[in-house]
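Taking it in order: structure first as structure tokens, then the write-up.
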Amino acid sequence: LVFVDDTRQRIELYSPTKMPEAGSFLWNKQMMVQFNCRGYAVGQFMQPEPSKYAYAPNLEAKTFMQPEHAYYANHPGRFFYIKDEDTGEVFSAPFAPAKMSLDYFCFSAGQHDISWHIEALNISVKITVSLSESDAIEMWELTVSNLDSKARNVSIYPYFTVGYMSWMNQSADFLPELNAIVATCISPYQKVEEYFERTNLKDKTYLIADTKPTSWCCNQKVFEGNSDVSFPEGIKAETLEQINSLYEVPAAVMQYQESFKAKQSKSYRFLFGPAEHNQQIADIRDKYFGTSNLFEQEKHNYEQYIKQSSGPINIESGDTVFDQFVNYWLPRQVFYHGDVNRLTTDPQTRNYLQDNLGMSYISPQTARQAFITALSQQNQTGEMPDGILIHPDASLKYINQVPHTDHCVWLPICIQAYLNETNDISLLDELVPFADNKSTQTIKQHIELALDWLVASCDERGLSYIAQGDWCDPMNMVGYKGKGVSTWLTLASAYAINTWVDVCADYQIDINLKYSFFAGFLNQAVNKHCWEGQWYSRGISDDNISFGVGDDTEGRIYLNPQSWAILSGAVSTENKAKLLAQIELQLNTPFGTMMLAPSYTKMRENVGRLTQKFPGTAENGSIYNHAAIFYAYSLFKIGEAEKAFSVMRKMLPDDNFIQRGQLPNFIPNYYRGAFYQHPRTAGRSSQLFNTGTVSWFYRCVIEGIAGLVGNKGDLLIKPQLPNQWSKLNVIRAFNGATFNVEILKTKKVSQQTVHINGNYEASNRIANITAGKTYQVQVLLPLPPELIIIMGV
Ligand code: CEZ
């Protein structure tokens, strides 16, 4: 069903029906588009806010990228109908909308393209889509081959849906001088100011072909006729009716009526995207298909763009899916987040910072600038805003208009990862202004103001106020009256402060002793008020009710406070064993670790909107991978390598592909949880590739599994392999040098033993690294005691 190809860079799926929502995504700085294997697509481009160029067939509410996107017959997509003119038989590629049974189907997700190979009626169809590097343009290539040894007449119909563009004004026509269908609209608005703000909107959608079509149709209703999209009347006719759209739902359909000789192939290219005016469309046509013919060049440029996502680590463990994911798809997804910030103009502050934690490994310069940008929007009180404005016309929207209290926490945590990877302590001396004051202070001072703000934002017990949410966005009613507190945030504040103390110790930076005291104080407050006997509560509401506790029939235990009590050092050895056991018992599932359990089935007014989400989805008890990866990270901190790996491995589909419905080419923000409440849907992927998980996953691979952690320009060696791996080969780029590391478990040693270029190294540190040099490193690890017993040695 699913196959990782030999180059290890592609993933292939051989059925259009077993995992109908499985797909892949492409993006550049202007746009992103997610294709599922059947040909449906969800795309958006920036102007500067996310906009559509292919719309639903009816008026669609504008929203941000959502999980579990619902597809339906007339959903936007890019399709190719193929008609055997001699027999009248029809199929569509890749699969929708005709959904005829095919002789062969292969959906192939590549790093910088997506392709399909379909065979039916003795005709082969090969389709590839890629993006331009810098423009919002989908670049399509189609090759149709007659597999027969006799000549045949075949009609080929590219059908790119356009959909309902606007209730004010929409139309479409075929423009012969552009060899394109151009649909035009006026984006609807009502306020007079909006007229002046919107003068440059790209309100046109075009489909440009390199080859002149036999016929065309621009009108969805006329094309479908009395039939429907699965077998439109337009296709039943000999040629398409050349009808435009005059305030009718536009469509872009072309027909190529062809005679094929035996075994003959014919190829076509198309460009699909948004434009402001026809001259722009003419320019695009000239650039890609005209004398300069830059189609190939642009494809190559896009490939180069995606190649920038290569990261500092390459592993070979023997687990093909895991290795491929870590070596290619993971850095690609990290780069997507860090380079285009999920295509928003006001990323949530915590997302922006954590996405740049990941970017510290791939493009440290980008991460550095992001930390400076974020801190230049801090208030002088130390408080961080809910979103970071990264475009001059941006404003805070959606969730960023709701006050959350955790944003300061992420500063030292993410900056620590950056410093460890780069040793660039000059960052801390950069002078940066505030949102509400032009005078500058150093990044170090900004971070300490953030920590001071966290400490000041506690109640008399020493617990952090939650306001309308912390890391958990929809936990909006625990503290909206101003009193409710968050166990997790208190622990996260302690961890953030401890992290800062560690950073200062590592890099010999002066730090006020009060910080260690503060962290201890916060941890103590949590232990006093939030330890519930077997685990920590999630918080205490405005009406002074603890939740996430044993007496709760729903939302009894939450994962985050447990993981962060490990990270912050709050938990005692004895209690740690208790809470780990409870996580195993109540939250662990074959698909991963649930964020809470049991999922809420009704509104709880002192917790909030989270409890109204469907049980097992998103924050209401799904396997929310971001929370699960925090847990994995905390497990590495206490040497629980086996458990940590198991949490990570379950983030990738394996022998349970069909239940997940997803390929292992990205980590989704969640898999359905509510494992005991809704077993039928448990494990199902949200298909949403926006998630803070990936930065942390990368960090867990580098610092945890491979254990090759930067520190003051040195490389610390402390690998933690899962039990089933007896060895791991790693190539690690660090500080300008390359390390070929062989990690081996052997009964020959009783403790970790390191050789560098054949020489025994007594410490676990590689110091005095010379840039440009390649180091051969051998790390011998003792076999775990239980294995020695099993093997009888
Ligand atoms: O959004 C994410 C946020 O982008 O939810 C996480 C949070 O830490 C991330 O910053 C956990 O709450 O209901 C909501 O508003 C949701 O909170 C979502 O929008 C959620 C989605 O998973 C989208 O990625």
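Read-outs throughout are calculated quantities, based only on the coordinates presented, and are distinct from any laboratory measurement. Owing to the predicted nature of the structure, the values given are computational and were not obtained by experimental measurement. All Cβ positions, glycine included, derive from the backbone under ideal geometry; neighbour counts span all protein chains shown.
At-a-glance table
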read-out	value
Under the Karplus curve 6.51 cos²θ - 1.76 cosθ + 1.60, θ = phi - 60°, whole-Hz ³J(HN,Hα) for the stretch 348-365, x wherever Gly or Pro sits	4, 4, 5, 5, 4, 5, 6, 4, 7, 4, x, 5, 4, 8, 10, 9, x, 4
The stretch 567-604: trypsin sites (Lys or Arg not before Pro) in DSSP coil with no more than 11 other Cβ atoms inside 10 Å	Lys602
Other-chain or far-sequence residues with amide H under 5 Å of Glu619's (modelled H)	none
Counted charge near Asn28, where neighbours are those whose Cβ lies closer than 14 Å (Asp, Glu -1; Lys, Arg +1)	-2
Extension gain (nm, one decimal) between Ile731 and Glu276, 0.36 nm per residue minus Cα-Cα	159.1 nm
Coil-residue chymotrypsin sites (Phe, Trp or Tyr not before Pro) of the stretch 174-238, DSSP, other Cβ within 10 Å capped at 14	Tyr189
Highest-first arrangement of 683-694, 717-728, where packing means the average Cβ count within 10 Å	683-694, 717-728
Ordering of 108-114, 661-667 by burial proxy (mean other Cβ atoms within 10 Å per residue, highest first)	661-667, 108-114
Trypsin sites (Lys or Arg not before Pro) lying in DSSP loop within the stretch 200-273, provided at most 16 other Cβ fall within 10 Å	Lys261, Lys263
Helix-derived mean residue ellipticity, 222 nm - over the chain, DSSP H n ≥ 4, -39500 (n - 2.57), to 500	-7500 deg cm²/dmol
For the chain, radius of gyration divided by Kirkwood radius, i.e. Rg to Rh on alpha-carbons	0.99
Residue order, fewest to most surrounding Cβ atoms within 10 angstrom, among Arg672, Arg609, Arg8, Arg680	Arg680, Arg8, Arg609, Arg672
Mean Cα-pair separation over length for the stretch 47-204, i.e. relative contact order, pairs under 8 Å, 6 or more apart, %	22 percent
Cross-link table Lys62/Lys397; Lys444/Lys773; Lys126/Lys307, entries beyond 21 Å C-alpha to C-alpha	Lys444/Lys773; Lys126/Lys307
